[in-house]
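The values are calculated or read from the model by the stated rules, or taken from the named source; none is laboratory data. These numbers were taken from a predicted model, which means no experiment stands behind them. Cβ: placed from backbone, ideal geometry, glycine included. Neighbour counts: every protein chain shown.
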Amino acid sequence: MVDFTLWDIFRNLLLAGRWSVALSLIAFLGGGVVGLLLLVLRLSKLPGAPRFVAAYVQVFQGIPLLVQLFLAYYGLGLVGINTSPWVAASLGLTLYASAFLTEIWRGCVAAIPRGQWEASSSLAMSFHEQLRHVIWPQAKRIAIAPTVGFLVQVIKGTALASVIGFMELTKVGKAISNATFNPFLVFSCVALMYFCICYPISLYAKSLERKLNAQR
Amino acid sequence: MKIQLDFVAVLAEWPLLLTGAGWTLRLTFAATVVGLLLGIACAWVRARGFGSGAGVGPGIGSVRGSDGSIAPAWLKTVVGAYVELIRNTPFIVQLFFIFFGLPAAGIRLSAEWASFLAMAINLGAYAAEIIRAGIEATPKGQIEAAQSLAMSRAQTFFKVVLPPALKKVWPSLVSQIIIVMLGSSVCGQISTPELSSMADLIHSRNFRAFEAFIVVGVMYLLLCIALRQLLNWIGSTFVFGRSAGS
């Protein structure tokens, strides 16, 4: 049997950690784009749009991420796309993140007084101009803290990609623990690594929140 | 290319689905009870002297040490580490640690107990932070009033501070309990017979993976909506119904 030193375990986990981070970024950015589109759709006065977005959010927040990932994995295969765990995990996490982000941002937009909308439309601004020049600059400030906070949730969510065979931190941790027969040590290391990624972001989100509260 | 979905084959396995949903609900119920108690205890330790002021200002957690809290410093450190560790690691890793890691330390648990324990510990950490925010929002005058009525610390906490705090944060707690219920789908990975693991089982029987997960997904969605209604009702009837008027 090959002996694993602590450094071997750590090094392999670090290498796997790259993929966790990469997947988080894909999901976060993808979710941001889709979430923004959904938000604009919701704010527009298209008939049925708010109801559609509300249903979208309810579905993706009411179904476990694990089930969503399996649906993406098997669903993509069903429509004939050769599914790699990368594609399925990216798709599943993107949709998941978009539902949460659009809901977070909707709250931020709702926090802007109605008068701002009315004033800008009385200045004959178009919907696009209203969003661009009036709503966005104000909503942006409120939105940053909860958005950064949600990034932590996305990073933790990528751990579930292990169940569809995505080789990230948790999956590699399980493989190593099977090889070394030392799950206690390995999973402690895995948890520590997630903590080292997530905790600074949590602290940053908290300090942003504090700063925002101080400004009010 | 034609996709044929066969939901009948999946729904024919309804006893499995019901068993799974039963386990999901049982685990959620047990974890909610224990997790909320744990959360209240930890919130009590972490809250700054039962709230110092209006509680809307900044600085939650910014003051350490001489903040009027009655819990000893080492206990605050331990609880703080617990809360931050749980909140900043994925649930699946916590579950694997308990199920695969703890036996190495001599603690051997069945899959169901490990799932329950992981869920309760997870909810406890999140609930602690939520409830703490409610406790710290208690106006100082209420605590002073309770003290001037010669109420003990425990009386003040359980009769004056906690009920309105729970009322304030109940919607957040409900959301967190639902997140834990959805998170229990991960417990299938350690062979707990909960709902999502039944999708796997059905899949292995009739190869209808996509349909099985759609059915299970819809069931989760319904459970989620029903649980939210139920918890809102429980909240308004039992948790703070009596103190609502006062």
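Here's the yes/no breakdown for (1) in a helix (DSSP H, G or I); (2) modelled with pLDDT of 90 or more:
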residue: B:A9; (1), (2): yes, no
residue: B:T24; (1), (2): yes, yes
residue: B:A30; (1), (2): yes, yes
residue: B:S52; (1), (2): no, no
residue: B:V79; (1), (2): yes, yes
residue: B:V83; (1), (2): yes, yes
residue: B:I92; (1), (2): yes, yes
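Looking only at the range B:99-111, which residues are facing chain A (nearest Cβ under 9 Å) and under 21 Å from B:L123 (Cα atoms)? Scanning the range B:99-111 gives B:F99, B:F100, B:G101, B:L102. Consider A:Y73 carefully, then state whether it is farther than 20 Å from A:L41 by Cβ and among the hydroxyl-bearing types (S, T, Y). Yes: the conditions hold for A:Y73.
Within the range A:63-102, being over 26 Å from A:T147 (Cα atoms), polar (S, T, N, Q) and within 12 Å of chain B (Cβ to nearest Cβ) holds for one residue alone: A:T83. On the stretch given as the range A:189-205, residues that are facing another protein chain (nearest Cβ under 8 Å) and either surrounded by fewer than 16 Cβ atoms within 10 Å (Cβ to Cβ) or among the aromatic types (F, W, Y) (or both) total 3. If you check B:A165, B:A212, B:A226, B:A199 for being surrounded by 23 or more Cβ atoms within 10 Å (Cβ to Cβ) and either free of Cβ contacts under 8 Å to residues at least 12 places away in the same chain or in contact with a His (Cβ under 6 Å, 6 or more places away or on another chain) (or both), only one passes: B:A212.
Scanning the range B:76-131 for residues that are polar (S, T, N, Q) and surrounded by 20 or more Cβ atoms within 10 Å (Cβ to Cβ) yields B:N88, B:T89, B:Q94, B:S115, B:N122. Is it the case that the range A:87-104 has a residue that's crowded, with 20+ Cβ neighbours inside 10 Å, in a helix (DSSP H, G or I) and of a type in the set (D, E)? Looking for residues that are crowded, with 20+ Cβ neighbours inside 10 Å, in a helix (DSSP H, G or I) and of a type in the set (D, E), one finds at least one in the range A:87-104, hence yes.
Of all residues in the range A:118-134, at least one satisfies being surrounded by 18 or more Cβ atoms within 10 Å (Cβ to Cβ), part of a helix (DSSP H, G or I) and in contact with a Phe, Trp or Tyr (Cβ under 9 Å, 6 or more places away or on another chain). Screening the candidates B:A114, B:A43, B:A118 for the property of being within 29 Å of B:L162 (Cα to Cα) and either within 14 Å of chain A (Cβ to nearest Cβ) or at pLDDT below 90 (or both) yields one hit, B:A118. Residue under question is B:V83, and the condition is that it be closer than 16 Å to A:V152 by Cα, touching a helix residue (DSSP H, G or I) at 6+ places or on another chain (Cβ under 6 Å), more than 7 Å from chain A (Cβ to nearest Cβ) and among the hydrophobic types (A, V, I, L, M, F, W, C); does it hold? The answer is yes for B:V83. Screening the range A:206-215 for residues that are more than 9 Å from every other protein chain (Cβ to nearest Cβ) and at pLDDT 90 or above and picking the one that is farthest from B:A105 (Cα to Cα) gives A:L208.
In the range A:142-163, the residues that are in a helix (DSSP H, G or I) form Cβ pairs under 6 Å with partners that are polar (S, T, N, Q), at six or more places apart or across chains, as follows: A:V152/A:S202; A:V154/A:S24; A:I155/A:S24; A:T158/A:S20; A:T158/A:S24; A:A159/A:T170; A:S162/A:T170. Close contacts from the range A:95-114, counting a first residue that is more than 21 Å from A:A27 (Cβ to Cβ) and acidic (D, E) and a second that is crowded, with 21+ Cβ neighbours inside 10 Å and at pLDDT 90 or above, with Cβ to Cβ under 9 Å and a gap of 6+ residues or different chains, come to none at all.
Kindly establish whether B:M151 is out of contact with any strand residue (DSSP E or B) (no Cβ under 7 Å at 6 or more places or on another chain), in contact (Cβ under 8 Å) with a residue 24 or more places away in the chain and not basic (K, R). No: the conditions fail for B:M151. Determine if the range B:182-189 includes at least one residue that is modelled with pLDDT of 90 or more and surrounded by fewer than 19 Cβ atoms within 10 Å (Cβ to Cβ). Looking for residues that are modelled with pLDDT of 90 or more and surrounded by fewer than 19 Cβ atoms within 10 Å (Cβ to Cβ), one finds none in the range B:182-189, hence no. The single condition among (1) crowded, with 19+ Cβ neighbours inside 10 Å; (2) closer than 19 Å to B:E211 by Cβ; (3) of a type in the set (A, V, I, L, M) that A:V53 does not meet is (2).
Within the range A:167-181, can one find any residue that is facing chain B (nearest Cβ under 10 Å), without any contact (Cβ under 8 Å) to a residue 12 or more places away in the chain and of a type in the set (G, A, S)? Within the range A:167-181, one or more residues are facing chain B (nearest Cβ under 10 Å), without any contact (Cβ under 8 Å) to a residue 12 or more places away in the chain and of a type in the set (G, A, S).
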